[in-house]
Amino acid sequence: MNSKKKTLMEIIGKENVFDDSETLEAYSRDYSFALPMKPWVVVYPENVNVVQKIVQWANRAQTPLIPASSGPPRFHGDTVPSASGAVVVNLSKMNRIRRIDRRNRMALIEPGVTYSQLQPELAKEGLRLTSPLLPRAGKSVVAGLLERQPTLVPRYQWAILDPLRCLELVWGNGQVFTTGEAECPGSLEEEWAKKLAQVAAPGPHQTDFYKLVSAAQGSMGIVTWASVKCQMLPKIRKLFLIPSERLDNLIDFAYQLLRFRFGDELLLLNRSNLASILEADADQIRVLKEKLPPWILLAGVAGLSVLPEERVAFQEKDITEMAHQNGLQPLQEIPGAKANEVLELILNPSRDPFWKLGCKGGFQDIFFLTTLDKTPGFVKTMCAVAEGHGYPESEIGVYIQPVHQGAGCHCEFSLPFDPNDPAEASRIRELFIRASEEMLKQGAFFSRPYGIWADMAFGRDTQTTTVLKKIKGIFDPNHVMNPGKLCFNPPSR
């Protein structure tokens, strides 16, 4: 055993260091087109003190670190090493729910906490956390929020990073740091005794430090806990399915709902994505797609503890009137789908295997931020590029999610393919690159620049790239944190 590995084992314990071929192979690739590369070892810290010691050791040993907290499968290449000799820091053992504060509707959780673990505990206190669309069972809540995954309820999103609030993190230079109002003298327990709840995200002082680690793919530091803003758990829930032959009609209607803050869950799907949500078998998905309407808007309403029936009733009445004004009809059942079944699915994590894998066993997503009114143009472009590459329009999954109270939206295209067919995988890779380039030309904002999107995004903005590299030099001077991601090229060792 070399001295480098011996020192690492002394820090974290031999039982928490893994370098067997099976483990390393699992982290060498994912479902993305990232080039495979095995890490050197995988380690499992259990508290912030150990995380800090690992980062300090990495600076001394000039060893790359790759934070990971979610379980497999993985899809974006952000945890696949881009530099040799990397250590994957798996935070899944840091999975404590440190506090649930019903009065302030806050929860404080470690990075290994998953949606499957958190939501039942929140429900015991009459709370819930707005979640993404069918996150995988092992998805870390903290990782999802740091990655800016869109959540289903835009009316509760007051900032693009909501419901994420305060963080504790270890910067790449080994310094432990807390953001927002959590940056107070004393321990968390002492803060709680003073009735502080880690609610305010900005700060300390005039800098929003938590934004520096958002969508950073672990290239700035390692987050060891986060506070998240919760919502009251509804007493009554009801979902409306609003079908349409054309996307444009649903866009106009969605703007009306957002303007009046009606509804809770609000999202748009095409028939391909809804079929994949409802069915797990490829043949059943194909049959269901033939029954479903081309486009479906999902609008949920909720009644809380005060007058829940009345709250649902008036929203149902007004939503129905607005739908009729747009030539639409809110329904509890459409050909191939029932609203109560869809609601049950979207309020919970995905079944296993992940819902997008059911169609062909693999997929590639293209997603970005835009505004609702521009989404029909992006759909037209996606279909045109797909046709040019011989990819059937009917296979493309579309998911449109309003964010930040409707100020913008997450637009996502899913391209199912068979990963065991090299010819098909190669064709999808070419389609993915070409479609991404066309979306960028059309004004797509890749706010989560994985893989090739990083070069596309940062190559068009040299000033931002220069500033980010300076910030990286401050908080991670030796470039040990996930080198090779975003605009941070691996340093020569």
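The values are calculated or read from the model by the stated rules, or taken from the named source; none is laboratory data. These numbers were taken from a predicted model, which means no experiment stands behind them. Here the Cβ is made from the backbone with ideal geometry for all residues, glycine too, and neighbour counts use every protein chain on show.
Of all the residues in segment 252-265, those that are surrounded by fewer than 23 Cβ atoms within 10 Å (Cβ to Cβ) and touching a Pro at 6+ places or on another chain (Cβ under 7 Å) number 1.
Can you say whether GLY388 is within 19 Å of SER426 (Cα to Cα), touching an Asp or Glu at 6+ places or on another chain (Cβ under 7 Å), modelled with pLDDT of 95 or more and not charged (D, E, K, R), as far as the supplied structure shows?
On the way: within 19 Å of SER426 (Cα to Cα): yes; touching an Asp or Glu at 6+ places or on another chain (Cβ under 7 Å): no; modelled with pLDDT of 95 or more: yes; not charged (D, E, K, R): yes.
No.
Looking at THR207, THR151, THR224, THR178, can you tell me which residue is closer than 30 Å to GLY303 by Cβ and not small (Gly, Ala, Ser)? The match here is THR151.
Going through segment 458-481 one residue at a time, which ones are among the basic types (Lys, Arg) and either outside any helix (DSSP H, G or I) or touching a residue at least 12 places away in the same chain (Cβ under 8 Å) (or both)? Correct list: ARG460, LYS469, LYS472. If you go through segment 274-296 and keep only what is free of Cβ contacts under 8 Å to residues at least 60 places away in the same chain, of a type in the set (A, V, I, L, M) and in contact with a strand residue (DSSP E or B) (Cβ under 9 Å, 6 or more places away or on another chain), you end up with LEU288, LEU292, ILE296.
Would you check if LEU118 is buried (at least 18 other Cβ atoms within 10 Å of the Cβ), touching a helix residue (DSSP H, G or I) at 6+ places or on another chain (Cβ under 9 Å), part of a helix (DSSP H, G or I) and modelled with pLDDT of 95 or more? Yes.
In segment 239-335, which helices (runs of 4 or more DSSP H) lie fully inside it and hold 3 or more residues that are within 27 Å of the chain's Cα centre (by Cα)? Fully inside segment 239-335 and qualifying: 247-259, 271-278, 282-291.
Comparison of GLY112, GLY174, GLY138 shows that the only residue that is touching a residue at least 24 places away in the same chain (Cβ under 8 Å), crowded, with 20+ Cβ neighbours inside 10 Å, in a loop (DSSP other than H, G, I, E, B) and on the phi > 0 side of the Ramachandran plot is GLY174. As for segment 403-417, it holds no residue that is surrounded by fewer than 22 Cβ atoms within 10 Å (Cβ to Cβ), over 24 Å from the mean Cα position of the chain (by Cα) and either at positive phi or without any contact (Cβ under 8 Å) to a residue 60 or more places away in the chain (or both).
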